Amino acid sequence: MQKHSDKPTAQLLSAALLNADIRDMIISPGSRNAPLIIEFTNQPAFNNLSIVDERVAGFFALGMAQQTGRPAVLVCTSGSALLNYYPAIAEAFYSHIPLIVVSADRPQKWIDQGEGQTIRQHSVFKNHSWYNTTLSETGTEQDLTEIKTAIETVFERRGPVHINMPFDEPLYNIVEKDLPDIGNIQTEFPDKIYEVPFLEQFEQKWQTSKRKMILVGQHQPSEFLQLQLNKLVEDPSVIILTENIANVTNEKFINNIDQAIFSLDDDQLKDLKPDILLTIGRNIVSKKIKQFLRKHQPKEHWHVEKTALPPDTFEVLNQHFDTAPELFLSQFLFLVKPIASGYRQKWLDIKQKHKQLHQQFLQQTGFSDLKSFELISQNIPDKYMVQWGNSSTIRYAQLFDYKPDIIHYSNRGTSGIDGSTSTAAGAAYASSKPTLLVTGDISFLYDSNGLWHKYLPDNFKIILINNGGGEIFNFIPGPSQTGALNDFFVTKHRYDASKLAEMYHLSYQKVTNLDELQTGIQKLFATNNRRQLLEIDTKKVENAEILKAYFQNF
């Protein structure tokens, strides 16, 4: 017999997680969650990790689940500890990443009674989670039903759920017994298959349209989807727009959306308006494509994604196909055929022209954020996983091309800067792939606790773009007119990462010019057996002016 906590609900939860083959437990230390710690650490089948900072733990778990496709379990004590998960919970909700939050709580009689570490924990994530429950303390049949429903929901919805568990003292008692038999838990939910007569009405619209756009948002790597899109783009009436986090690419795709359309005037954009817009996947980075399609709306917008939250991003959604894109396209490709049109070529002509201007501008550009991203894109080795920070980092990243076997991720569910490092660390831990985090200085400093644990693999690398503040606010219109630009938008600073690198045992380089940068990048990727940080210091460069000139160049 194995050792267990004497709390019946802890035993039920342990049995249910094992039944569902959920193994990854990210535990933050505490006292009220002692029954959960005892229960999980006495189960050899669980992969128990200890991360002190709950906000870091939340994003670390998110990175793990992003890579494994399986739910990760977060475990914390009572009180404000639970609230620190919220940024990661919101990101998981909008990025469709499965997380199970398990919070210890005090008995209901102590809520609002001045007891320490006691807040209203029940359904605290209700606006950004798919299921919320507070168990009893006795382990009833209803408790088991609630646990099983929460686990089934996390698999069906691919998002966060919350199980709140009150425990009265004593908290540390241990018993030896067998776990209860809890019956089956459903963890497989088949994709929806649409009937051919239903799809034929969309096939008829597709075949009569000479201007069709497929816009691929954030998506897990999929060789099958890549092949399907390669087939579709052979149709001269179809143009496919992607971003790097879509993880599909083709010379006939528009892989750099802002590079293609940022400088086009309204008449030019109107001429590129699609009749049918088919969107695949999740969030789009490019603000310009959103503005374009909101102003010049297609007649039809169809979205393909297995989700209960189909996004009406362009305010003209006609149809949501609630299934995996690969399954939908497998059916749809049998129905449609290429038709004569000049629509695709019109887009590709713009792409070719702007690509030449892009290359000419970069040849004349010196050390800067823009030049740094060019060198980064050219030097990332094959088969790397890249985790991109948010704000200006992910936007710069869209201007460049990458080797097709590089995999791209970014926290675009809420697009926050708060957990980029922690997410990358969790993803690196869960994946065997060498991992590169490219991040900005504000995001890196904000999430510096993301390196405060012992689970960072040796093949983890960081490129830190340190331009001395939130450089994006120097580019977007508005902040400079407020009189509060440097202190409250850009937040200028003089810090570097040398001391943090020393504290977290990262091999460290700092570069301040183009020659150092070229050497530093080569050194960064020369080995995969030690954790490294390359800091690119561009604080003395007018990066916003260079980026503005870049777009004016078109």
Quick check, is Asp401 closer than 23 Å to Thr538 by Cα and either in contact with a Pro (Cβ under 6 Å, 6 or more places away or on another chain) or in the same structural domain as Ala72 (by TED's automatic domain parsing) (or both)? no
Restricting attention to the range 223-243, which residues are in contact (Cβ under 8 Å) with a residue 60 or more places away in the chain and over 21 Å from Asp349 (Cα atoms)? Phe224, Leu225, Gln228
Evaluation of Thr133 against (1) modelled with pLDDT of 95 or more; (2) on the phi > 0 side of the Ramachandran plot (one fails), failing number: (2)
Of the residues Gly426, Gly450, which is more than 26 Å from Ile257 (Cα to Cα), in contact with a Phe, Trp or Tyr (Cβ under 6 Å, 6 or more places away or on another chain), not hydroxyl-bearing (Ser, Thr, Tyr) and not in a loop (DSSP other than H, G, I, E, B)? Gly426
Scan of the range 170-209 for residues that are within 23 Å of Gln2 (Cβ to Cβ), hydrophobic (A, V, I, L, M, F, W, C) and either assigned to a loop (DSSP other than H, G, I, E, B) or under 36 Å from the mean Cα position of the chain (by Cα) (or both), ordered by number: Leu171, Leu179, Ile182, Ile185
If I ask for residues that are in contact (Cβ under 8 Å) with a residue 60 or more places away in the chain and either touching a Lys or Arg at 6+ places or on another chain (Cβ under 6 Å) or surrounded by fewer than 19 Cβ atoms within 10 Å (Cβ to Cβ) (or both), which ones from the range 287-298 would you list? none
Only one of (1) loosely packed, with under 14 Cβ neighbours inside 10 Å; (2) not assigned by TED's automatic domain parsing to the domain that holds Lys231 fails for Ala340. Which number is that? (2)
From the option list Trp347, Trp302, single residue qualifying as touching a residue at least 40 places away in the same chain (Cβ under 8 Å), closer than 18 Å to Glu203 by Cβ and of a type outside the set (D, E, K, R) is Trp302
Out of Gln360, Gln398, Gln387, Gln364, sole residue that is farther than 30 Å from Ser237 by Cβ and crowded, with 19+ Cβ neighbours inside 10 Å: Gln387
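Let's see how each residue does on (1) part of a strand (DSSP E or B); (2) of a type in the set (A, V, I, L, M); (3) under 25 Å from Val541 (Cα atoms); (4) in contact with a Gly (Cβ under 7 Å, 6 or more places away or on another chain):
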position	(1), (2), (3), (4)
Asp418	no, no, no, no
Thr439	yes, no, yes, yes
Lys461	yes, no, yes, no
Ile465	yes, yes, yes, yes
Can you tell me which residue in the range 483-511 is modelled with the lowest pLDDT, limited to those that are among the charged types (D, E, K, R) and part of a helix (DSSP H, G or I)? Asp487
Hey, does the range 526-533 have a residue that's assigned to a loop (DSSP other than H, G, I, E, B), touching a Ser or Thr at 6+ places or on another chain (Cβ under 7 Å) and surrounded by fewer than 15 Cβ atoms within 10 Å (Cβ to Cβ)? yes
Taking Ala260 as meeting all but one of (1) under 30 Å from Glu195 (Cα atoms); (2) in contact (Cβ under 8 Å) with a residue 40 or more places away in the chain, write down the number of the exception. (1)
Listed residues Ile254, Ile276, Ile193, Ile280; which is under 28 Å from Glu156 (Cβ atoms) and in contact with a strand residue (DSSP E or B) (Cβ under 6 Å, 6 or more places away or on another chain)? Ile280
Taking Tyr409, is it within 20 Å of His219 (Cβ to Cβ) and assigned by TED's automatic domain parsing to the domain that holds Ile462? yes
Only one residue in Ile276, Ile376, Ile284 is crowded, with 19+ Cβ neighbours inside 10 Å and in the same structural domain as Gly468 (by TED's automatic domain parsing), so which one is that? Ile376
Hey, Glu39 hits all of (1) of a type in the set (D, E, K, R); (2) in contact with a His (Cβ under 8 Å, 6 or more places away or on another chain); (3) touching a residue at least 60 places away in the same chain (Cβ under 8 Å) but one; which does it fall short on? (3)
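A quick yes/no check of all residues on (1) assigned by TED's automatic domain parsing to the domain that holds Glu91; (2) buried (at least 20 other Cβ atoms within 10 Å of the Cβ); (3) more than 13 Å from Ile100 (Cα to Cα); (4) in contact with a Ser or Thr (Cβ under 9 Å, 6 or more places away or on another chain):
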site	(1), (2), (3), (4)
Leu135	yes, yes, yes, yes
Glu141	yes, no, yes, no
Ile147	yes, yes, no, yes
Asn164	yes, yes, no, yes
Considering only the range 1-42, state which residues are of a type in the set (Val, Ile, Thr) and more than 26 Å from the chain's Cα centre (by Cα). Thr9, Ile37, Ile38, Thr41
Tell me which residues, restricted to the range 28-39, are touching a helix residue (DSSP H, G or I) at 6+ places or on another chain (Cβ under 7 Å) and either among the hydroxyl-bearing types (Ser, Thr, Tyr) or buried (at least 24 other Cβ atoms within 10 Å of the Cβ) (or both). Ser28, Pro35, Leu36, Glu39
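The values are calculated or read from the model by the stated rules, or taken from the named source; none is laboratory data. All figures in this text were calculated on a predicted structure; none of them were measured in a lab. For neighbour counting, all protein chains shown are included, and Cβ atoms are generated from backbone atoms with ideal geometry for every residue, glycine included.
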